[in-house]
Amino acid sequence: MDEAKPILANKTVGIACGGTGGHFYPGASIGRYCQNQGAKVVLMLGGHRIDEQTATARNMGFEPLRVPAERLPQSKLGYVGFCWRFFRNVLYCWKMLKENQVDLVVGMGSWASVPVCVAANWAGIPLILHEGNIHMGQANRFLAKYARVIGYSFPGTNIPATSAKHVRCGMPLREEIRLAVSQQEKSRAELREAFCREHGFEPGNPIILVFGGSQGAKVINETVEKMLPIIRNQQRPWQFIHLTGSSDNYDLRERYQTYYILACVAASDPEIHKLYPVADLVVCRAGASSVFELAAFRKPAILIPFAGAKESHQEANAAYLAAEGAAEVIRESELNAELLFNQIDTLLN
C-alpha cells in the first residue's frame with residue numbers, strides 16, 4: 001500500500017505576512033512547515049517594511065510577492081479615495097492569486113494582509129487566519145467572517161462569533177528557536193562560555209539581554225543609557241547584550257565604556273536564539289512573538305509594552321505573562337532609570 005501523501009503536497013500556499021516582524025516571522029515559520037509538507041510557498045508582503053522583508057524572505061528560501069496595502073484613513077473624507085484604492089488593491093491581489101495558482105491563503109493579521117485575504121474570498125480560495133496577540137487585532141476581526149479556520153495563540157483571545165473553526169495553536173516559532181529550546185539544557189553552559197570568551201564577559205556575572213523588537217526600541221535604549229551611572233555607583237557587576245534596533249551605536253558603546261560596564265552592542269542579531277540561553281534576564285517589549293519566545297526559553301523578563309501598539313495589545317500580552325508569574329511589567333509611561341534598575345536588581349537577587 002502506498003504511503004499517504006501530506007495533505008499540502010503539491011499545493012501552493014500564499015501567506016500574507018507583511019507588517020511588523022511579529023507578523024512576518026510567524027508567517028515564515030508556517031511557510032517553512034508547509035514547505036516541509038511538500039507545498040510551494042509564496043510570502044505575500046506589503047507595508048512599509050516591504051523591502052527589508054522581501055530580502056529576508058529570499059534569504060530564507062521563499063518566493064516573495066509584493067502586494068499593495070494601506071491603512072484605514074484617519075478622516076471620513078479620506079474614505080472616498082480609500083474605497084477606490086482598496087477595490088483596486090484587492091483586484092490586483094486576486095489576479096496575483098490566480099496567476100500563482102494559490103490553493104490556500106494564510107493571513108497573519110495587519111492591514112498589509114487584508115487585500116490578499118479579501119481577494120482569496122473573492123476567488124473562492126480557503127482562508128486561514130492566525131492571531132498572535134491576546135486581543136484580536138482590527139484587521140483579523142474584519143477578516144474573520146471570511147475565514148474557514150482561525151488559529152490563536154493565547155487562551156481567552158476575543159474571537160468574533162463566525163462560522164469559522166477556532167483552534168488554539170500557539171505562536172509559530174522559527175525552526176532555529178524551537179531547536180535551541182530543545183537543546184538549551186545541554187548547550188546553555190557551552191554557549192555561555194563561548195559567548196563570554198568571544199566578548200570578554202565574566203561567566204560568573206549576570207548577563208542581561210535588552211532589545212526592543214522590530215519597533216519601539218528608542219525609549220528602552222534611552223532608559224538603559226540613563227541607568228548606567230546608577231549601575232556604576234551601586235557597583236553591580238552586570239553585563240549587557242544590547243540590541244538597539246539602530247546601526248548608529250557608537251555613542252551608546254562609548255557610554256558603556258565610560259562607566260566600565262561590559263556590553264555587546266549591536267543593531268540586531270539574526271541568531272537571537274543563541275542569546276536567550278546565555279542571558280540571565282531579558283528586558284524587552286511585549287510583542288506576541290517575544291512573549292512566546294521568553295516562555296519557551298523560560299527566561300525571567302521585564303516587559304515594557306510598546307505604548308504605540310494598536311488597541312494596547314502589548315499591554316494585554318504582558319499582563320498575561322505577569323499573571324502566570326513569568327515576568328514583571330513596567331508601563332512605558334512609568335518607565336525611568338531608577339525603576340528599571342530596581343526591578344533588575346530585585347530579579348537578579
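Some values worked out for this structure:
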quantity	calculated
Flag for residue 151 being surrounded by fewer than 17 Cβ atoms within 10 Å (Cβ to Cβ), out of contact with any helix residue (DSSP H, G or I) (no Cβ under 7 Å at 6 or more places or on another chain) and not assigned by TED's automatic domain parsing to the domain that holds residue 272	no
Evaluation of residue 134 against (1) in a loop (DSSP other than H, G, I, E, B); (2) at negative phi; (3) more than 19 Å from the chain's Cα centre (by Cα) (one fails), failing number	(3)
Helices (runs of 4 or more DSSP H) fully within region 18-131 counting 1 or more residues that are under 21 Å from residue 178 (Cβ atoms)	21-36, 50-59
Enumerated helices (runs of 4 or more DSSP H) restricted to region 250-349, each holding at least 1 residues that are out of contact with any strand residue (DSSP E or B) (no Cβ under 8 Å at 6 or more places or on another chain) and at pLDDT below 95	250-258, 288-297, 313-323
Test: residue in region 94-108 that is surrounded by fewer than 21 Cβ atoms within 10 Å (Cβ to Cβ), closer than 21 Å to residue 12 by Cβ and of a type in the set (Val, Ile, Thr)	no
Close pairs (6 angstrom Cβ cut-off, 6 or more residues apart or separate chains): assigned by TED's automatic domain parsing to the domain that holds residue 344 in region 321-332, among the small types (Gly, Ala, Ser) and modelled with pLDDT under 95 anywhere	332/307
Subset of region 295-319 [over 20 Å from residue 222 (Cα atoms) and among the β-branched types (Val, Ile, Thr)]	none
Meets criteria (surrounded by fewer than 18 Cβ atoms within 10 Å (Cβ to Cβ) and in a strand (DSSP E or B)) for residue 167	yes
Selection from region 134-168 of residues that are among the polar types (S, T, N, Q) and modelled with pLDDT of 95 or more	140, 153
Top-ranked residue in region 17-35 [being modelled with pLDDT of 95 or more and polar (S, T, N, Q); ranked as nearest to the chain's Cα centre (by Cα)]	29
Odd one out for residue 43 among (1) assigned by TED's automatic domain parsing to the domain that holds residue 126; (2) modelled with pLDDT under 90	(2)
Selection within region 137-148 - buried (at least 24 other Cβ atoms within 10 Å of the Cβ), out of contact with any Phe, Trp or Tyr (no Cβ under 6 Å at 6 or more places or on another chain) and not in a loop (DSSP other than H, G, I, E, B)	140, 143
Subset tally (residues that are touching a residue at least 60 places away in the same chain (Cβ under 8 Å) and out of contact with any Cys (no Cβ under 9 Å at 6 or more places or on another chain)) for region 165-195	17
Residue in region 30-71 that is nearest to residue 169 (Cα to Cα), counting only those that are surrounded by 22 or more Cβ atoms within 10 Å (Cβ to Cβ), free of Cβ contacts under 8 Å to residues at least 60 places away in the same chain and not hydrophobic (A, V, I, L, M, F, W, C)	31
Residue within region 219-232 that is closer than 22 Å to residue 300 by Cβ and in a strand (DSSP E or B) present	no
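The values are calculated or read from the model by the stated rules, or taken from the named source; none is laboratory data. All of these numbers come straight from a predicted model, not from anything done at the bench. Cβ: placed from backbone, ideal geometry, glycine included. Neighbour counts: every protein chain shown.
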